[in-house]
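The values are calculated or read from the model by the stated rules, or taken from the named source; none is laboratory data. This structure is a prediction, so every number in the text was calculated from the model and none was measured. Cβ sites come from the backbone with ideal geometry, for glycine too, and all protein chains shown count toward neighbours.
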């Protein structure tokens with residue numbers, strides 16, 4: 001009798017998830033930077049912890065786009081967020097097996113957070 005292992009379904013729509021990253025790409029200067037971060041997505045906010053908690057930011061979720069129900073498959077979920085008076089988007093996506101978090105906060109026509117994080121692990125909290 002064969003034993004088949006199935007990956008746990010992790011849904012950005014219904015679960016509180018932790019997304020870990022060890023690097024990001026700065027789209028404004030085309031540099032890849034080694035940098036420990038984790039994002040925690042819930043239903044009302046996203047927490048971005050950097051460098052093992054040395055600094056953190058909390059974004060309030062205003063709305064979402066996308067019905068990505070399993071992070072183990074390709075898909076995307078866009079979170080429209082605010083942090084104080086600033087608004088923007090955090091896009092969590094998997095494409096061709098690569099999971100990324102893309103930040104976009106436009107101020108005076110410029111993305112002031114031009115970062116794309118490569119996700120190394122996702123877990124359910």
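Table for the structure above
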{"quantity": "Count - residues of region 11-25 that are farther than 20 Å from residue 63 by Cα and over 13 Å from the mean Cα position of the chain (by Cα)", "calculated": "1"}
{"quantity": "Spans of strands (runs of 3 or more DSSP E) in region 1-77 with at least 1 residues closer than 19 Å to residue 89 by Cα and either out of contact with any strand residue (DSSP E or B) (no Cβ under 7 Å at 6 or more places or on another chain) or at pLDDT below 90 (or both)", "calculated": "none"}
{"quantity": "Single match in 87, 11 (criterion: under 16 Å from residue 102 (Cβ atoms) and in contact (Cβ under 8 Å) with a residue 24 or more places away in the chain)", "calculated": "87"}
{"quantity": "Test result for residue 97, out of contact with any strand residue (DSSP E or B) (no Cβ under 9 Å at 6 or more places or on another chain) and at positive phi", "calculated": "yes"}
{"quantity": "Test for residue 116: is it over 17 Å from residue 15 (Cα atoms), in a strand (DSSP E or B), in contact with a strand residue (DSSP E or B) (Cβ under 7 Å, 6 or more places away or on another chain) and touching a residue at least 60 places away in the same chain (Cβ under 8 Å)", "calculated": "yes"}
